[in-house]
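Report on the structure given below.
A short reminder: the numbers here are calculations on the coordinates, not readings from a lab. Please read all numbers here as calculations on a predicted model, not as lab measurements. Glycine gets a Cβ as well: all are built from the backbone with ideal geometry, and neighbour counts include every protein chain shown.
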Amino acid sequence: MSAFPAGTILGYPRIGRRRELKRALEAHWAGEIDDAELEARTAELRRATRERLVGLGLGRDDSSIPESFSLYDQVLDAALAVGALPARFDELREPDGSVGLAATFAAARGSGDQPPLELTKWFDTNYHYLVPEIGPDTVFAPSSARLVRQFAEARADGFITRPVLVGPVTLLALSKATDAAALRPGGADVPVFRPIDRLESVVGAYVSLLADLREAGVDWVQLDEPALVSESLPVSAVELAAAASVAYRALGSAPRRPSILVAAPYGQLGQDAWRALAAAPVEAIALDLVRGVVPLPTSGLEGKTLVGGVVDGRNVWRGDLDAAWSSLESLRGVGAHTAVGTSTSLQHVPHDIADETGLDPRLVSWLAFADQKVAQVATLARGLAEGRTAIEPTLAEASAALADRRAAPGVRDEAVRSRVAGLAEDAFGRTDAARRRALQEDELDLPLLPTTTIGSFPQTAEIRRLRGRRDRGELSQAEYEELLRLEITTVVGLQEELGLDVLVHGEPERNDMVQYFAEHLDGFAVTRHGWVQSYGSRVTRPSILWGDVTRPAPITVDWSRFAQSLTEKPVKGMLTGPVTILAWSFVRDDQPLRDTATQVALALRDEIRDLEAAGIRIVQVDEPALRELLPLSRGAQSDYLDWSVRAFRLATGGAADATQVHTHLCYSEFADVIDAIAALDADVTSIEAARSRGELLGDLGESGFELGIGPGVYDIHSPRVPPVAELVALIERTLEHVPLSQVWVNPDCGLKTRAYRETVLSLQNLVEATRLVRERA
Ligand code: GLN
Ligand code: ZN
């Protein structure tokens, strides 16, 4: 068995430097390219990645290059590798029974009337994974074909790579019970089924996968077990550690296997899990030393390698390389071989800062994207091999960049700092909700079960083209704005025709709900090619929040005023909340998030005041990322919830009582933040419910929530048009938990990714379903 390489990364961006994966997937889904062409293009992408990584200093044939590509999602890949394709997609299997592209994409995106797997946040990141469905009867049939093919493909080019797979404990901890299993009654003698109950069978499947990999010539395999750092999963940390102990004892004792690296990214590995892994017969453990600290020595480490994840896989800062080196030195004291790595996969950062020729060179000198981080790993690995003096000049350069950043203008703005310091406590909230409600009822005069949408209407190719033409100077700003006003006029007209009650302007002016604000606030920079994968073919381009945040001028007011001028019905002003702006940007790491959030909140507070002055009566402040930033460790959660709720309350706390404040939350299991949702004190909260069986509603009903609530009854993440009867059932299910007077009817998110065809049909059904329920009520 070969030794673990001195430096590695846990994963590399998959989307491609110029979004090649996105283009290939979309062309394939549109029927423009066939299976073979998709495979060829993605193989080319993987080849380019390996060459690049070698160029940046990773070894060609020492297993330091992770084979971390995925066509859609790494959790789906792991589920399919153990054969856990939900039965509803069985007919899409290949003639020989294997799971090919058709079944894979059906599981990811739905097929006909069959809904896809649920989509939810990957730990506290902005990446989304597909939630596997596991039942007591799921038959696990290991399938190593994809892993083996990619390894062989690399080997044919002279690379020995390290296959990466989500590990068995994390796979099960992130899975949900199949509908059939969830509906089985529990009881004293029939415990409720949980996917983790299937650990033994799943480990059996992994044993067989590992044997296949060994046979294919794999030296090292990486099993990702981020579940082991989380305290906010349905399975407790103690149970997860016990599961890891069982799983890795079994995998490590398997007769034919590659060497195993177990990676624990995204946070501090708990004591139990650390001891379990140290004692297990695996060869290497990767630790997140950015979020976590160097662990205490424990037994079982002799002969193992600890990979110190000291290069941050989640942000874009060049960081403190000298401090990273010091962490590695203390890791050396723990009593194992030491290697250097990234704290997480680099899938969360863009490819290469060298592509950002439009950014201020001074800002660029403070940044590191994936490629720069790989080079940092290579530098530190050289330090481990040759001693600190060998890398001293590089450490010194990084320190100089850091010092320059601390002193640069714009990083501190004394005006906003003194405004924050002078805030009184009553800025952080509004008056009594009942009083607001009465005033708003008078002002708005809405029917029972008011219907609305979440904000965006389809961002057609036409709209994106307009933006492109404006950016290239083919359209003047005035012409561009005139065309957008035409679009808004159409969208408002359509909503009136559909009979919706509260309208939106459709957000055609926004390339992205965060970037749009970043472009209009001081303290942010925007990249050209800084795309990161959100899920599947979806990418976002996070802005870089590098300095103190201020609002030089109103941002959304003209658009909202114009939309409102077209209709008697209320039009919602539409803002992105402070937590979401932070969550979906790369945020400065030189002050607490709380302080940055307060500055953003003040800018939004001023924007709301200006919207009111322009005649807007409802303002929605979207916080889809509220749950996403929740720390994985329980200890840090209450502080987070405190500052995030306070930021929202500061942003909205200046609104008049008669102004109805909405918020929108999506994508996540909100069960553990119900109190925080109530504390936001938004007059109306719309929430994702279509895809996750609406468990939240029961909890909300029980918690005595008295504000308005709009369960997302129409799942906008797939092109499927929900039939009226299904929507009626979802609305009525809500009414079992929440009093009629509190309920709103809306889709579960914005419509920007949808086409008009299905959007119009779906909204027609939504309005019709509401009408039917109103009649019966
Ligand atoms: N208002 C935004 C929209 O409709 C909200 C999007 C989101 O929650 N992700 O697009
Ligand atoms: Zn949403």
Practice prompt. For region 556-642, run through the GluC sites (Glu not before Pro) and keep only the ones in DSSP coil with at most 16 other Cβ atoms within 10 Å of their Cβ.
Written response: E568
Discussion item. So for region 154-302, averaging the separation of alpha carbon pairs under 8 Å that are six or more residues apart and normalising by length, what relative contact order in percent results?
Written reply: 24 percent
Worksheet, complete the sentence: Hits for the chain under the membrane-span-like helix rule (DSSP H, Cα axial span at least 18 Å, Kyte-Doolittle mean at least -0.5) are 199-215, 237-253, 370-386, 392-407, 477-498, 593-613, 634-652, 724-737, 756-776
Worksheet item: When the chain is fully extended, how far beyond the present Cα-Cα distance does R47 get from Q271, taking 0.36 nm per residue of separation?
Response: 76.7 nm
Worksheet item: Can you put V532, V420 in order, fewest other beta carbons within 10 Å first?
Response: V420, V532
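To the nearest 20 debye, what is the magnitude of the charge dipole of region 254-311 about its Cα centre, counting +1 on the Cβ of each Lys and Arg and -1 on the Cβ of each Asp and Glu?
Once rounded to the nearest 20, the dipole reads 140 debye.
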Worksheet, complete the sentence: For the chain, percent of DSSP beta bridges that are antiparallel (nearest 5) comes out at 20 percent
Practice prompt. Calculate, for A408 and A323, the FRET efficiency according to 1/(1 + (r/R0)^6) with r their C-beta to C-beta distance and R0 22 Å; round to the nearest 0.05.
Written response: 0.65
Worksheet entry | Least to most buried among E688, E329, E497, E775 (fewest other Cβ within 10 Å first) | E775, E497, E329, E688
Practice prompt. About the Cα centre of the chain, how large is the charge dipole given +1 on each Lys and Arg Cβ and -1 on each Asp and Glu Cβ? Please answer in debye to the nearest 20.
Written response: 1380 debye
Response to the item:
FRET efficiency (T357, D197; Cβ distance; R0 56 Å; to 0.05) is 0.55
Practice prompt. Go through F648, A427, G410 and say which Cα lies farthest out towards the positive end of the charge dipole of the chain; charges sit on Cβ, +1 for Lys and Arg, -1 for Asp and Glu.
Written response: G410
Practice prompt. For each of D360, D96, count neighbouring Cβ atoms within 10 Å of the residue's Cβ, then give the residues from fewest to most.
Written response: D96, D360
Worksheet item: For A438 and D642 in the same chain, what is the full-extension length gain: residue separation times 0.36 nm, less their Cα-Cα distance, in nm?
Response: 70.6 nm
Item to complete: Towards the positive end of the charge dipole of the chain, with charges on Cβ (+1 Lys, Arg; -1 Asp, Glu), say which of A242, F562, T451 has the farthest Cα.
Response: A242
Worksheet item: How high is the FRET efficiency between D445 and R609 when r is their beta carbon distance and R₀ equals 22 Å, given to the nearest 0.05?
Response: 0.40
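With the cut-off at 1.5 for a/c, could you classify region 450-556 from its C-alpha gyration tensor as rounded, prolate or oblate?
prolate
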Discussion item. Can you show me the helix-derived [θ] at 222 nm for the chain, built from DSSP H runs with n ≥ 4 at -39,500 (n - 2.57) apiece and divided by the number of residues, rounded to the nearest 500.
Written reply: -13000 deg cm²/dmol
